[in-house]
Each structure stands twice: as structure tokens, then as C-alpha cells.
Amino acid sequence: MIEDAQRDPACFAQLYEHNFERVYAFIVRRVHDRDQAQDLTADVFHSALKNLSSFEWRGTPFAAWLYRIAANAVADHGKQAARLEATKRSEITEHARSSDEDLAEIEHRARLFKLVEKLPDDQRRVITMRFAEQKSIVQIAKDIGRSEGAIKQLQFRALQALRIMVGAR
């Protein structure tokens, strides 16, 4: 049957029929998942058909060659599953770390906003417009009706005061 299949791949069907149950049983005992076992069994026979021309009779049964292909397929599947699991764990850990960092950033901003509320009115207004509303010095100067130099000075004093308040905490 093997020589016939090597000459004519259409004859491989007989080898498939003759060995399917034992290869499937071999795989299903190792992966414990019916769908995976079916997929791996199909892969084994696909690989066997593809490499049939390289099969040489050395006194061992053809089934032993199929078992070796199956064992390699199961091992590769196990490695792939382990890599996938490790990737999932890494993503979960990274997401948790990212969430913790996001929470810390939110808490930090909330503390800063509370500190900004303690600034004198002009300084608080400049800081709010500059950083919360993201306005330029020129825009703030026009809105408030003061010079650009005055706005820069108010911003400088406000930032100095905030540094002192943050350092005191």
C-alpha cells in the first residue's frame, strides 16, 4: 500500500483509512480536546501525504512513522498553547499595570486641581486658561486684558506656588 501511495497519491486513502483510528486515539489521549485532536489528526495525515515520498521502509511499521509525526504535532501544539497562554497572561498584567498607572495619573491631576483652587484668583485663572483650556499666552492676555509679560509673570508665580504646595505634601 505504501509503495502504491508513493507512486500514486490517490492510493493514500487506503493508508488513511487503515491508520486513522489509531492516530486519532493516540492524539486525543494527549490533547484531551476532541476538536484539537481532529485538527491535529488531519495535520498529521496532511504532513504524511506531503512527505510520503521521503518515507523509507526500515523494518518498522508505517504506523510508527505516523505516530512520530503525531507526537511532533502534539508537542508543537503544546508549545504553541503555552506561548499563547503566556501572551495572554502578559497582556492581562500589562492591562492591570496600565490601569494602575491611569488611576495614579487621575489621582495626581485631582490633587493638582485642588491645589490650583488655593491659588490667588489671577494666578488660578491664568493656570486654568493656560493648561486646562490650553490657550496661548497671547490669547490669555487678550481675554484678561493684561500684557503678555504680566501673564507670564502670573503663570511663573502660580507654578512656583504649586511646586511648593506639592513639595509640602
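Any read-out appearing in this document is the output of simple, stated calculations on the displayed coordinates, not a laboratory observation. Computed from a predicted structure; not experimentally measured. FYI the Cβ positions are ideal-geometry reconstructions off the backbone, even for glycines, and counts take in every protein chain you see.
Note on the chain: helix-only mean residue ellipticity at 222 nm, from DSSP H runs of 4+ residues weighted -39500 (n - 2.57) and normalised by residue number, equals -27500 deg cm²/dmol.
When 32, 18 are arranged by Cβ crowding within 10 Å, least crowded first, meaning fewest neighbours, the order is 32, 18.
When the chain is treated as a Gaussian network with alpha carbon springs shorter than 10 Å, the biggest mean-square fluctuation among 158, 48, 70 belongs to 158. Straight-line cross-link partners of residue 88 among the lysines, defined as a Cα under 26 Å from its Cα and at least 8 positions apart when in the same chain: 79.
In terms of other Cβ atoms within 10 Å, 109, 157 run from fewest to most in the order 109, 157. Taking the alpha-carbon centroid of each part, what is the distance from the stretch 14-90 to the stretch 104-140 in angstrom? Computed from Cα coordinates, the inter-centre distance equals 65 Å. Distant-in-sequence amide contacts of residue 119, defined by a placed amide H-H separation under 5 Å and a gap of 5 or more residues or a different chain, comprise nothing.
Taking every alpha-carbon pair under 8 Å whose residues sit at least 6 apart, the chain reaches a relative contact order of 15 percent.
In the stretch 1-148, a dipole from Cβ-located charges (positive for Lys and Arg, negative for Asp and Glu) runs towards its positive end, and of 71, 20, 87 it is 87 whose Cα lies farthest in that direction. Mind checking which of 34, 89, 146 has the largest fluctuation in a GNM of the chain, springs on alpha carbons under 10 Å? Most flexible of the set in this elastic network: 146. Here the chain is treated as a sphere whose radius is the Kirkwood value from Cα pairs; by Stokes-Einstein at 20 °C and 1.002 mPa s it diffuses with a coefficient of 95 µm²/s. Ordering 156, 26, 55 by the number of other Cβ atoms within 10 Å of each residue's own Cβ, fewest first, gives 156, 55, 26.
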